[in-house]
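Novice: Can you keep this structure in mind? I'll have questions shortly.
Please treat every number below as a calculation from the coordinates, not as lab data. No experiment lies behind these values; they were computed from the predicted model shown. Cβ coordinates were reconstructed from backbone atoms using ideal geometry, including for glycine residues, and neighbour counts include every protein chain displayed.
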Amino acid sequence: MVLLALVIVVPRGEAESPDPRNPSIATLDSTSTAGRRTDASDPEGVATPYGYYAEEVLRVASTIPTSLQPALKDTDFVNGCHPWTTKELGHCAFGTFDPAGWDSDDTHGHDWANTIWISSQAVRTGKVPDVVLHEVGHAVVHNLFGNCYFPKQAEMSVKELLLLTFTHGDADPAELLADAFVVAFSTHSDDLHTYYLDESNYEVSREVISKLRAAVWLCSK
Ligand SMILES: [Zn+2]
């Protein structure tokens, strides 16, 4: 199954290019590990082990709601540009969830498997709590929803049902669903950073938010 796992790419921000719809398999320069990767856009070019803004990324990660944390077992946060995503987009994405450690030569199984990457640019925009929640949403869907079923709905997993719920025009349901985690679990009162929902004019109903929260509760047990 790991061969089918996709790197989930999250270009966020108006100037960024569209999300590759079918990220094949990801890459990075094969000589480095997640721990040595740094974001080239670090203002001072400082090569710290986990990126210039590592502390800030970890601080934000520590504010993730308790209810979502069961999905993040063994998930590490990295400040930097994910290699395959960067190659695919031609620039550094705001965030990437990588369940399988994909590198830029389309090999996987590298030691950054099960990581969430947050770029320095994302930190500088001040939107990083929402970018983190979006990526955590991908992790929840990947780690908890695929083999979880609502009562009396044994024919479809929670993941399949929710992706159906978020089928909307040409939009990628997985990205709309990840943005719905921002709506459902954000704790700040600023404008939410929900790039895909905004782009698609998709308004998440209260009913769907309730369903998402119920799914998190059910599938975390
Ligand atoms: Zn995404």
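Novice: State the extension gain, in nm to one decimal, for the chain segment bounded by Trp217 and Leu164, taking 0.36 nm per residue of separation less the distance between their alpha-carbons.
Specialist: Net length gain for the segment: 17.1 nm.
Novice: A further question follows. Using the reciprocal of the averaged 1/r over all distinct C-alpha pairs, how large is the Kirkwood radius of the range 44-153 in Å? Spell out each step's value before the answer.
Specialist: Numbers: mean 1/r = 0.0686 Å⁻¹.
Kirkwood radius, the range 44-153: 14.6 Å.
Novice: Can you tell me the order of 205-211, 90-96 when each peptide is scored by its average per-residue count of other Cβ atoms within 10 angstrom, highest first? Walk me through the numbers on the way to the answer.
Specialist: Details: 205-211: 12.6, 90-96: 23.1.
The most tightly packed comes first, giving 90-96, 205-211.
Novice: Moving on to the next point. Take the Cβ-Cβ distance between Asp106 and Lys73 as r, set R0 to 25 Å, and report the resulting FRET efficiency rounded to the nearest 0.05.
Specialist: Between Asp106 and Lys73 the formula returns 0.40.
Novice: In nm, to one decimal, how far is the modelled label at Phe150 from the one at Arg59, with both set 7 Å along Cα→Cβ?
Specialist: Placing both labels 7 Å beyond Cα along the Cβ direction yields 4.0 nm.
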